[in-house]
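Peer 1: Take this structure first; my questions come after.
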């Protein structure tokens with residue numbers, strides 16, 4: 001998860017200590033990958049990622065269902 005902030009994302013996590021209190025913030029990342037490229041993250045195997053479905057029926061329960069969903073969605077993204 002930290003790789004999304006340190007390498008890919010538009011923001012970097014920063015921290016500093018002032019008066020014995022840790023302050024955490026975000027700084028703009030001018031070298032982020034998503035400035036030039038579109039990124040798509042796929043959760044595989046099933047259930048390991050952070051994707052959210054609108055209904056429980058939209059969540060693939062096995063690899064075959066995941067594969068058919070992936071193929072249909074990738075065709076719509078490539079056109």
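Peer 1: Would you check if there is a residue in segment 3-11 being at pLDDT 75 or above, part of a strand (DSSP E or B) and at negative phi?
Peer 2: Yes, the conditions are met somewhere in segment 3-11.
Peer 1: Next question. Would you please list the contacts, defined by Cβ atoms under 6 Å and residues six or more apart or on different chains, that run from a residue in segment 40-57 that is at pLDDT 70 or above to a residue that is part of a loop (DSSP other than H, G, I, E, B) and surrounded by 10 or more Cβ atoms within 10 Å (Cβ to Cβ)?
Peer 2: Between residues of segment 40-57 that are at pLDDT 70 or above and residues that are part of a loop (DSSP other than H, G, I, E, B) and surrounded by 10 or more Cβ atoms within 10 Å (Cβ to Cβ), the close pairs are 53/59.
The values are calculated or read from the model by the stated rules, or taken from the named source; none is laboratory data. Predicted model, so just to flag it, every value in this text is computed and none were measured. Quick reminder, even Gly has a Cβ in these numbers, built from the backbone with ideal geometry, and neighbours come from all protein chains shown.
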